[in-house]
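The values are calculated or read from the model by the stated rules, or taken from the named source; none is laboratory data. Here the structure is a predicted model, which is why all the values come from computation and not from measurement. Note: ideal-geometry Cβ built from the backbone for every residue, glycine included; neighbour counts use all protein chains shown. With ligands, DNA and RNA removed, areas are computed over all heavy atoms of the protein, side chains included. Shrake-Rupley method; radii C 1.70, N 1.55, O 1.52, S 1.80 Å.
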Amino acid sequence: MKLFKEFKEFAVKGNMMDMAIGIIIGAAFNKVIDVLVKQVVLPPLSLLTDGVNFQNKKIILQDATKNTDGSVITDEVAIGYGALAEAFLDFMIIGITIFIVVKFMNRLKKKAQDTKDTTVATPKDIELLDKLTQLMEEQNALIKSK
């Protein structure tokens, strides 16, 4: 019973809920980025590379051996550098995309934290901190003038 109570306290604290929400949003964001990379960015790049499919690029170390009836005796041994190149390209595109999204979100956050900007609602904690700062500056000015 004590273990259940401790788990309940842990789950209700918010850390677990924040983590669960982050994982769910991350999974959904992964789908969006995957579609963006594979359906929006890679097709124009494929046109630029004249339709080269990187997935099939490899260095063959040993050819596959086949029987007279065509069945494979030993598989081909190859280094699939094309798959690595494609994974690296995906990584770079995803990294750049996430950088742009985070930069956009930071711009919105910075705009929301500016108390002088009335186009976006400023969070209450930022407003309170701004008022405290103004009061402290006024008090420091009064103290210096005496």
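Details
- For first residues located in region 38-51 and among the β-branched types (Val, Ile, Thr), partners that are open to solvent by less than 50 Å² (accessible area, probe 1.4 Å) and lie 6+ apart or on another chain with Cβ distances below 9 Å form the pairs Val41/Ile93; Val41/Thr97.
- Residue identified as aromatic (Phe, Trp, Tyr) and within 20 Å of the chain's Cα centre (by Cα) among Phe29, Phe54: Phe29
- Of the residues making up region 82-117, just one is free of Cβ contacts under 8 Å to residues at least 12 places away in the same chain and touching a Lys or Arg at 6+ places or on another chain (Cβ under 7 Å), namely Asp117.
- Of all residues in region 120-146 being in a loop (DSSP other than H, G, I, E, B), in contact with a helix residue (DSSP H, G or I) (Cβ under 9 Å, 6 or more places away or on another chain) and of a type outside the set (Ser, Thr, Tyr), the one that is nearest to Val37 (Cα to Cα): Val120
- The strands (runs of 3 or more DSSP E) found wholly in region 1-119 and carrying at least 1 residues that are surrounded by 12 or more Cβ atoms within 10 Å (Cβ to Cβ) and out of contact with any Phe, Trp or Tyr (no Cβ under 9 Å at 6 or more places or on another chain) occupy 77-79.
- Boolean, Glu127 is open to solvent by 100 Å² or more (accessible area, probe 1.4 Å), acidic (Asp, Glu) and either in the same structural domain as Asn30 (by the TED database) or on the phi < 0 side of the Ramachandran plot (or both): no
- Contacts under 8 angstrom Cβ, first residue in region 120-146 being under 21 Å from Met105 (Cβ atoms), partner open to solvent by less than 90 Å² (accessible area, probe 1.4 Å) and hydrophobic (A, V, I, L, M, F, W, C), 6 or more apart: Val120/Leu108; Val120/Ala112; Ala121/Ala112; Thr122/Ala112; Pro123/Ala112; Ile126/Ala112
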